[in-house]
Amino acid sequence: MADYELSNKADEDLTEIYAFSYQRFGEIKADAYLLALEECFCMLATQPLLGRNIDHIRTGYLRHEHTSHSIFYIQKRDGILIQRVLHQSMDSERHL
C-alpha cells in the first residue's frame, strides 16, 4: 500500500501552516486545511505522477500545488517522501 512520509522540514512547515491558519482563520478552518493537505498527501502517495517534475530546481523532486501551497516530494517504491510544503509566494529554490 502506498503511503507518505514527512521529512523533518515538511513537519515543521505543517506546524507553521497550522499556527498561521489558526491565528488568522480560527481552529475550525485550520483543522480543515490541515486535513485537506493530508488528504492531498494520500492522493499523491497513490498517484505520485500527478506532480510536475522539477529537475531544473532539484533533481528527482516533484511539485504539486494545493490551494496556496506547493508540496515538494520524491517518489519512493512504497509511496512518497514529502520534503517541503511551502506557500506559493516563497522562493522554492532557496528553501529546497
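Check E39 against each of (1) under 11 Å from the mean Cα position of the chain (by Cα); (2) under 21 Å from S92 (Cα atoms) and name the one condition it does not meet.
For E39, the failing item is (2).
crowded, with 17+ Cβ neighbours inside 10 Å, in contact (Cβ under 8 Å) with a residue 12 or more places away in the chain and touching a helix residue (DSSP H, G or I) at 6+ places or on another chain (Cβ under 9 Å) - does that describe any residue in the range 88-95? Write out each step before concluding.
Kept after step one, since they are crowded, with 17+ Cβ neighbours inside 10 Å, are these residues of the range 88-95: 92.
Then keep just the ones that are in contact (Cβ under 8 Å) with a residue 12 or more places away in the chain; that gives 92.
Right, trim to touching a helix residue (DSSP H, G or I) at 6+ places or on another chain (Cβ under 9 Å) and you get none.
No: zero hits.
Go through the range 40-89 and count every residue that is closer than 17 Å to D11 by Cα and of a type in the set (A, V, I, L, M).
9
Answer yes or no: is there a residue in the range 3-19 that is surrounded by 12 or more Cβ atoms within 10 Å (Cβ to Cβ), out of contact with any strand residue (DSSP E or B) (no Cβ under 9 Å at 6 or more places or on another chain) and among the aromatic types (F, W, Y).
yes
Considering only the range 59-75, how many residues are in contact with a helix residue (DSSP H, G or I) (Cβ under 8 Å, 6 or more places away or on another chain) and touching a residue at least 24 places away in the same chain (Cβ under 8 Å)?
Here the count works out to 9.
So which residues in the range 1-18 are under 17 Å from G79 (Cα atoms) and either hydrophobic (A, V, I, L, M, F, W, C) or touching a Gly at 6+ places or on another chain (Cβ under 6 Å) (or both)?
M1, A2, D3, Y4, L6, A10
Every number in this text was worked out from the coordinates using simple rules, so none of it is lab data. Note that the structure is a prediction, hence the values are computed from the model and not measured. Cβ: placed from backbone, ideal geometry, glycine included. Neighbour counts: every protein chain shown.
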